[in-house]
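**Q** Below is one structure. I have some questions about it.
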Amino acid sequence: MSSKDIQSSSIFDSYRNRYLLLGAILTLALGMVAWIGYVQVEEASDLHFQRITHRNRVSTILANLGEGENRILGLLQNVVIEPNKKTLDKIPGVFQKLYLDIEHLQNEASINTSQKHLIVNELKRDLDELNTRSARLVEIRLDEMLWFPATDELQNKLLPRFLNSITLLQDIALTFEDSKDHDEIEVYNKVQETRYEWVRMTAELRLMVANRFGVFSIDTKKGMESRHENLMQYSISLKSNLNALEAFAEQGRLGIYGKEAIIELKKYYDNWMIAFESLNTKLKEEGWRKDLTFLKYSIYPVLERFQQRITSLQAELDKQSATDITDLAKTARILTLTIVAITMAVISLLWLGFFTFNRLVLRPIKETTYALRQQASGKFVSLKKVKALRETRELADAFHTMRSQVQERQQRLDYMAHHDELTGLPNRALFYQYLEKAIKVGKENEQLVALFFLDLDRFKKINDTLGHGVGDELLRKVANRLESTLPECKLARFGGDEFAIIAEGINDKSHIVFLGEKILQIFHSPFKIKTNMLRVSTSIGIAMYPIDSDSVSDLLKAADTAMYVAKGQGRNRYWFFTENMSRMVKEKLALENELYQAVLEKQFEVYYQPVVTMNEQQLVGFECLLRWNHPERGVLPPAYFIDMLDETGLIKKVTLWLLQQATDMNEKFASSGCFELKLSINLTARMLQDDGFSSKLLKRLMDKKPDPKKLVIEMTEDALAEYFYDANETLQALRTLGVKVAIDDFGTGQSSLDHLRSFQFDQLKIDKSYVQDVIEDKSDASLVKAIIQMGHSFGMEVVAEGVETVDQLDFLQAHGCDLLQGYLISKAVPDTEVLEMVARHMEEQPLPLDIIV
C-alpha cells in the first residue's frame, strides 16, 4: 500500500471523519437556512409592524369620526330646541374637523384598496349630504314660515276670506248707514252684528294658535280644546246671522246687494271653516313643526348611514388583521417547508445510521408539520394524530381557534350590517333587497305586492315621559307581535318608531284590507313594559305594486305619504296612496316659478297706508306695503306670496327694489314742498343678519337713497325674538344713521322685555287683532292699555294698527296712544292717491275719517 493510499484511506475510512464532514455540511446548510429565515422574519416583522401602525392610525381617525358624528347630532338637537348663536357657530367647526379626518383617512396607505377607498368616498359623500341637510335644518328652524307649516292656512286661506267677508259686510252696511227707516236700520244692525261675529271668531282662532305654542298654558291640548269650543260657538252665531241676512235678501231688503252677496258671504264662511279644520288638523299632527320632522327623517338616516360606513371600515380593518395573520402563517409554512427539505436530505444521508433518530424525532416533526399545514388551510385535523410534541399540538390548537374566531366575527359583522340591533329585524338596506325581489316575483306571476309603512302614534310622548329604556322595550315587543302575527310577511325596522312590511302573492285588494285590519288589531291589546300598561296605536300607509309604482324608492315614498295622510285623518288607521296627495307639492313649485317670473317682469307694486296723529289726524307718514299684480289673478296681498319670497331668497332683491321706490316717493314729497313725512318699510331680522344684504342696505342709506332720517324700519316681534342678537349690530348702525326702528305686530309674538331694555326702539305698533276687540273684549282692552303704558315707559311712540271705528279711536285717544293707521283713515292706496293726501296735508287739513270705510 502506497503512502498516498494510506493518506486517502485515513480520511474517508473513518466514520468519525465522514460524520464530521457531514456535520460541517449540515451546520453550514442549517446556518444558511437560519440566516434566510431570520431575514424573512425581520422583513415580515417590519412589514406587519407598519401595517399595525397604519391600522392604529386609521382606528384613531374612525374613533374621531364617530365622536364628531355624536357632536353634530347633539348640536343639531340643540338647534331644534333653541337655535342660539353659540350653538350655530360650533357646527361649521365640527364639520371642518370631520372633513379633515376624512382627508387624513384618504391619505392612509392602508385605505388605498378599491373597496376601502370606495367606502371612504361614500363617507365623504355622506358628510357632504349631512352638511347640506344640517344647513337646511338650521334654515328651517330659523324661518318661522318653514318650521310652522300651518302658516299657509292662516295667511293664505283664513285671513283672506275673513278680510273679504269684512269688506263685503262693510259695503252692505254703508248703503243703510244714514237711513232712518226702521226696516233698513234692522238690516244695518244685523250686518254689523255679523261683522263683529267674524272679528270675534278670528280673534279666538289667534288665541287657539297661541295655545298650541304653549303661550297661555303648559297644557296645550286643554287650552286648544277650550278655544276650539269658543270658536265653534262664534261660528254657530255667525251662521245664524248669515241665515238672517239671507232671509232679508229673499225679502228684497238688502238694496243693491241681493242674494248673490249673501251667497258669496256664505261661501267665504264655508271655505273659512274648511280651512280652519285643515289648520286644526295640522296643529294636532306630529309634524306640526317641520324642524323636528326634518331632523327625524332627513338627518337621522344620514347619521345612521355615516355610522354604518365607519363600522364597515372597522370591519375591513379587522379583515386586514386576519389577512396579516394568514400572511404570517404563510411565512411560517415557507420556513417549515425549507427546514423539512433540509431534514429530508439529512434523513437520506443518515437513513441507516440514524434510524432511531428518524423514528423518534423526524417522524413526529413530519406529522406535526402536516397537521399545521392542514390546519392553516382550513381543514379540520384531529389533535390525536399529533403524537409527538406538546408544543406542536398547542400551535395547531391556536391556529384552529384563530380560524374559528375570524369566521364568527365575519358572520357577526354581516348580520349587524343588515339587521336592526334593537329588534333583530332586517334594516332598511336588507329590506330594499327584499322589496326588489318581491317586485320581480310579482311581475313574473302578475300578482300584487303590498307595502305597509307603519309609524307608531305619539311614540315620542312615551319616550319623553317614561324614558328611552321603556321606549326601546316597547319597540321590541311591537316587533315580536308583528313577527308572530304576520309570519308570511317580510318585516323591517326603518329606525325610530317606523316599521315596514311586505306582503306578496296577492291577487285581490280585499286581502290587503284584511292585512291592514289585522295589523291594527295587533295594537288593540296593551303592551306591558315593567309596571306600565301602554296602549299604543299605529298609522299605516299602503302602496301597491304595480298600481302605485314599479320602483322601490317611489313605492316607499308613496307608502310614506299615505302614512302621513292616515295620521292627519286621526291616526290609528290605514290609508291607501292616491295621486292627489302630490298636488300640494306641485302647487308650491308652480308658485315658486311664478315668483321668479314676477321678479324678472317687475310685476310688483307698492301701496301706501297713511299713519296719522291720534288727536288731530294729521299725516305723519305712510307704511309701504307690497302688492303682486298677477297677470291672471289680479292684485294679490303679501300673505299670498311673502313666505315663498323669503324661502327662495327673492325677498332681498324685492326689498332693495322697494327701497328705491321709497326713494322716488321721498323725492315726490320734496317736490310738493313736504319734507317731514316718513316712510315705513317691513324688514325681517334674518335679512339684517345677512352680511351681504346689510352692507347693501347701509350703503344705500349712507348715499341717502332713501334719506335715513325719513325712514322707519319695522320688524315683527317674533323675528326680533329669534334673530335679535344676530341683527343687533346692523340695527345699531341704522339708528346711528338716523333710521327709526319699530316693533311691528306687538302682542302676537314671543319677544322678551330684555330686548326692549337692551335696544332703544323708537316705535311700538299694537297688532290690529287686539285693537279691533277693545270695545267688546275687556281682556283685549286691558292688554292694549298695558301695551301703551309699557311703550311710553320705554320712551317709544305707540302706533295702533287696524283702527276701523270711531269707538276704537275714542278708546285709544283716552288712553294716550300716539299714532294710528287703519281703514278708519284709509286703506292702502297706490302712489297717485298718496300725492292727493300729501296735498291735503300741506293745506294743514286733517284726513277725514270717511275716506275709506
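The values are calculated or read from the model by the stated rules, or taken from the named source; none is laboratory data. Treat the numbers as computed from the prediction; the structure is a model and nothing was measured. Cβ sites come from the backbone with ideal geometry, for glycine too, and all protein chains shown count toward neighbours. Just so you know, the surface numbers come from the protein's heavy atoms only, side chains and all, with ligands and any DNA or RNA stripped out. Shrake-Rupley method; radii C 1.70, N 1.55, O 1.52, S 1.80 Å.
**Q** Keeping all protein chains in the complex and leaving out DNA, RNA and ligands, what accessible area do you get for Ser240 with a 1.4 Å probe, in Å² to the nearest 10?
**A** Looks like 70 Å² after rounding.
**Q** As a test question: what accessible area, to the nearest 10 Å², does Leu809 have when a 1.4 Å probe is rolled over all protein chains in place?
**A** Taking all protein chains as shown, Leu809 has close to 10 Å².
**Q** Sorted from largest down, what three extents in whole angstroms do the Cα atoms of segment 609-843 have along their principal axes?
**A** Rounded to whole Å, the extents work out to 46, 43, 39 Å.
**Q** Of Glu797, Glu444, which has the most accessible area with a 1.4 Å probe, and how do the rest follow in descending order? Could you put the intermediate results ahead of the total?
**A** Working: Glu797 65, Glu444 125 Å².
Sorted descending by solvent-accessible area, the residues read Glu444, Glu797.
**Q** In sequence order, what are the phi-derived ³J(HN,Hα) couplings for segment 161-178 according to the Karplus relation 6.51 cos²θ - 1.76 cosθ + 1.60 with θ = phi - 60°, rounded to whole Hz, with x for glycine and proline?
**A** 6, 5, 5, 4, 5, 4, 5, 5, 4, 5, 5, 5, 4, 4, 5, 10, 5, 9
**Q** Applying 1/(1 + (r/R0)^6) with R0 = 22 Å to the Cβ-Cβ distance of Glu517 and Glu285, what FRET efficiency is obtained, to the nearest 0.05?
**A** Values: r = 24 Å, r/R0 = 1.07.
Efficiency, from the Cβ-Cβ distance: 0.40.
**Q** Using alpha carbons only, how many angstrom separate the centre of segment 534-606 from the centre of segment 686-712?
**A** If you average the Cα positions of each part, the centres end up 40 Å apart.
**Q** Just the number please: accessible area per residue for segment 609-843, 1.4 Å probe, all protein chains included, in Å².
**A** I get 41 Å² per residue for segment 609-843.
**Q** Would you kindly state how much longer the chain becomes between Ala786 and Glu483 on full extension, computed as 0.36 nm times their sequence separation minus their alpha carbon distance, in nm to one decimal? Intermediate results must be reported in sequence, preceding the final value.
**A** Numbers: separation 303, 0.36 × 303 = 109.08 nm, distance 6.17 nm.
Roughly 102.9 nm would be gained on extension.
**Q** Can you list residues whose amide H is under 5 Å from Asp457's amide H, if they're 5+ apart or on another chain and H is modeled 1.01 Å from N?
**A** Ser537, Thr538, Ser539
**Q** Now a separate question. Which length gain, in nm to one decimal place, applies between Asn189 and Lys443 when the Cα-Cα distance is subtracted from 0.36 nm times their residue separation?
**A** Going from the current span to full extension adds 84.5 nm.
**Q** Then there is this: Considering amide H positions built from the backbone, and no H for Pro or chain starts, which residues 5 or more places from Glu623, or on another chain, come under 5 Å of its amide H?
**A** It is Gln609, Val611, Ser680, by chain and number.
**Q** Starting from 0.36 nm per residue, how many nanometres of slack lie between Leu835 and Glu605 once their C-alpha separation is accounted for?
**A** Gain in length upon complete extension: 81.2 nm.
**Q** Residue by residue through segment 537-549, which ³J(HN,Hα) values in whole Hz follow from phi under the Karplus form 6.51 cos²θ - 1.76 cosθ + 1.60 (θ = phi - 60°), with glycine and proline marked x?
**A** 10, 9, 10, 10, x, 10, 10, 10, 9, x, 5, 8, 5
**Q** Here's another thing I want to ask about it. Can you put Thr832, Thr663 in order of accessible area, largest first, using a 1.4 Å probe?
**A** Final ranking, largest accessible area leading: Thr832, Thr663.
**Q** Could you go through segment 819-827 in sequence order and give the Karplus-derived ³J(HN,Hα) for each residue, using 6.51 cos²θ - 1.76 cosθ + 1.60 with θ = phi - 60°, rounded to whole Hz, and x for Gly and Pro?
**A** 10, 8, 8, x, 5, 4, 8, 5, 7
**Q** Viscosity 0.890 mPa s, temperature 25 °C: what is the translational diffusion coefficient of segment 156-277 from Stokes-Einstein with a Kirkwood Rh over Cα pairs, rounded to a whole number of µm²/s?
**A** Rounded, D is 161 µm²/s.
**Q** Please express the Cα-Cα pair-distance distribution P(r) of segment 138-189 as a list of whole percents, one per 10 Å bin, running from 0 to the bin with the greatest distance.
**A** Whole-percent P(r) values from 0 Å outward: 23, 26, 19, 16, 11, 5, 0.
**Q** Another question, if that's okay. Treat segment 417-577 as a sphere of radius equal to its Kirkwood radius over Cα pairs and apply Stokes-Einstein at 25 °C in a medium of 0.890 mPa s; give the translational diffusion coefficient in µm²/s, rounded to a whole number.
**A** Values: Rh = 15.8 Å.
D = 155 µm²/s.
**Q** Could you order the peptides 179-185, 620-626, 673-679 from most to least packed, using the average number of other C-beta atoms within 10 Å per residue?
**A** Result, highest mean Cβ count within 10 Å first: 620-626, 673-679, 179-185.
**Q** Ranked from the most accessible area to the least, with a 1.4 Å probe and all protein chains present, what is the order of His228, His104? Walk me through the numbers before you get to the answer.
**A** On the way: His228 50, His104 85 Å².
Per-residue accessible area, sorted high to low, gives His104, His228.
**Q** Okay, next question. Step through the table entries Lys180/Lys778; Lys290/Lys460; Lys567/Lys652; Lys284/Lys557; Lys602/Lys704; Lys284/Lys509, compare each Cα-Cα distance with 26 Å, and write down the pairs that go over it.
**A** On the way: Lys180/Lys778 32 Å; Lys290/Lys460 15 Å; Lys567/Lys652 37 Å; Lys284/Lys557 23 Å; Lys602/Lys704 24 Å; Lys284/Lys509 31 Å.
Correct reply: Lys180/Lys778; Lys567/Lys652; Lys284/Lys509.
**Q** Can you pull the accessible area of Asp89 for me, 1.4 Å probe, Å² to the nearest 10?
**A** 90
**Q** Shifting gears a bit: Tally up the carbon and sulfur contribution to the accessible surface of segment 609-843 as a whole percent, 1.4 Å probe, everything protein left in place.
**A** Taking all protein chains in place, segment 609-843 shows 49 percent carbon and sulfur surface.
**Q** Report D for segment 538-672 in µm² per second (integer): Stokes-Einstein, Kirkwood Rh on Cα pairs, 10 °C, 1.306 mPa s.
**A** Values: Rh = 18.9 Å.
Diffusion coefficient, whole number: 84 µm²/s.
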